[in-house]
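Here's the structure we're looking at; comments come further down.
The values are calculated or read from the model by the stated rules, or taken from the named source; none is laboratory data. This structure is a prediction, so every number in the text was calculated from the model and none was measured. Cβ placement follows ideal geometry from the backbone for every residue including glycine, while neighbour counts extend to all protein chains displayed. Keep in mind that these areas ignore ligands, DNA and RNA; they rest on the heavy atoms of the full protein, side chains included. Shrake-Rupley method; radii C 1.70, N 1.55, O 1.52, S 1.80 Å.
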Amino acid sequence: MTTVYIVSRGKDCIAIEGVFSNKEKAQEYIDYFKGTTTYNDINEEIAEYELDNVPDYIKRKEYSWYIQMDEKGEVNRLEKQEFHEPWFGFVPVNVSDKTKEYYLAGYIHAEYRDEAITILNEQRRWALDNNSWGDDSVFRSK
């Protein structure tokens, strides 16, 4: 793989100023404009990127499943979506008597829908066994 070195400027709205084949050329560019009035907002940090680095999940055309499940294990929502990093959390559901119930929701990286449901169901059982239904802080992905 080839590494490229990117020089940018700006803080709130970043603009790419140059893409270089080595770090020395990128640094030379920064040094030239540093302290000038032309680009007084040049960033001194050089970003490094692998050229043509396509993540494995894109190469394999992987997807994620978004699932919502109630406390009893009933699936409320199930959608195949573009790839997302795995995530679990509770989604509040307001019911008519003004109390809150929760769905356990998550993006699950699995090939098959039943496999994704099984993974979320394991998280549901874990949350119930630990008396933490509705408490997002129990999931490391938060």
Taking θ as phi - 60°, what are the ³J(HN,Hα) couplings along the range 22-33 by the Karplus curve (6.51, -1.76, 1.60), each to the nearest whole Hz, with x for Gly and Pro?
-> 8, 5, 4, 5, 5, 5, 4, 4, 4, 4, 5, 8
Neighbourhood net charge (9 Å Cβ-Cβ; Lys/Arg +1, Asp/Glu -1) for M1 = -2
Counting only residues 5 or more apart in sequence or on a different chain, those whose built amide H sits under 5 Å from that of V93 are E101, Y102, Y103
Normalising by the residue count of the chain, find the relative contact order in percent from Cα pairs under 8 Å and 6+ residues apart.
-> 18 percent
Please work out how much length the chain gains when fully extended from T3 to F20, using 0.36 nm per residue of separation minus the C-alpha to C-alpha distance, in nm with one decimal.
-> 5.2 nm
Using the Karplus equation 6.51 cos²θ - 1.76 cosθ + 1.60 (θ = phi - 60°), what ³J(HN,Hα) coupling, rounded to whole Hz, does each residue of the range 111-127 give in order, writing x for Gly and Pro?
-> 6, 10, 4, 5, 5, 5, 4, 4, 5, 5, 4, 5, 5, 4, 4, 4, 4
Across the range 34-40, in residue order, what do the Karplus-derived ³J(HN,Hα) couplings come to in whole Hz, using 6.51 cos²θ - 1.76 cosθ + 1.60 with θ = phi - 60° and x for Gly and Pro?
-> 4, x, 9, 8, 5, 10, 6
For Cα Rg over 2.2 N^0.38 Å, with candidates (i) 1.61; (ii) 0.98; (iii) 1.55, the value calculated from the shown model is option (i)
Carbon plus sulfur, as percent of the 1.4 Å-probe accessible area of the range 1-92, comes to 48 percent
Would you kindly state how much longer the chain becomes between E79 and Y32 on full extension, computed as 0.36 nm times their sequence separation minus their alpha carbon distance, in nm to one decimal?
-> 11.8 nm
Run the dipole for the chain about the Cα centre, Lys and Arg Cβ at +1, Asp and Glu Cβ at -1, nothing else charged, and hand back the magnitude in debye, nearest 20.
-> 240 debye
So, by mean Cβ neighbours within 10 angstrom, what's the order for 64-74, 14-24 with the highest one leading?
-> 64-74, 14-24
Just the accessible area per residue of the chain, please: how many Å² with a 1.4 Å probe?
-> 70 Å²
